[in-house]
1. Just to verify a result, which residue in segment 30-40, among those that are touching a strand residue (DSSP E or B) at 6+ places or on another chain (Cβ under 8 Å) and not in a strand (DSSP E or B), is surrounded by the fewest Cβ atoms within 10 Å (Cβ to Cβ)?
2. When only residues in segment 48-81 that are in contact with a helix residue (DSSP H, G or I) (Cβ under 9 Å, 6 or more places away or on another chain) and more than 19 Å from residue 4 (Cβ to Cβ) count, which is surrounded by the most Cβ atoms within 10 Å (Cβ to Cβ)?
3. Please pick out the residue among 41, 71 that is under 16 Å from the mean Cα position of the chain (by Cα) and within 30 Å of residue 18 (Cα to Cα).
4. Output the residues belonging to segment 41-75 that are in contact with a strand residue (DSSP E or B) (Cβ under 7 Å, 6 or more places away or on another chain) and under 17 Å from residue 120 (Cβ atoms).
5. Assess whether residue 123 counts as being crowded, with 18+ Cβ neighbours inside 10 Å, at pLDDT 95 or above and touching a strand residue (DSSP E or B) at 6+ places or on another chain (Cβ under 8 Å).
């Protein structure tokens, strides 16, 4: 039988203080997932989960997400071998976001570009224009070797 989640309680105090996990999915049925490395706390990625992805993650201990662009569940690392084993899941006070602390297998890379983190660029102003600067250009794997094409991640 598949895991289901009760709707969040209407009472704010109950939502914040009782022991029930009642994630507050948005109008599209999604909750934001912030993902960090369990060892050093580095921010690896931000994704979305629907109720099925969240249930699979809880049941298997392996991170599953919902791909908005593909319209389906995906097990992170299924193609690349960089599976994310969940060590801890936290939720925020109103339960509309979850924080996954994970250990990454394989190449120890989370981003489909081959980098450890999806947050490999910083944003700054250059002559009044917002510009990106690559701050981590180390690739742990070649996306073309893993996915066939870099845009297939």
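The values are calculated or read from the model by the stated rules, or taken from the named source; none is laboratory data. Keep in mind it's a predicted model, so treat the numbers as computed, not measured. Note: ideal-geometry Cβ built from the backbone for every residue, glycine included; neighbour counts use all protein chains shown.
1. The selected residue is 39.
2. 63
3. Going through 41, 71 in turn, just one is under 16 Å from the mean Cα position of the chain (by Cα) and within 30 Å of residue 18 (Cα to Cα): 41.
4. Within segment 41-75, 42, 43, 44, 45, 46, 47 meet the criteria.
5. Answer is no for this residue.
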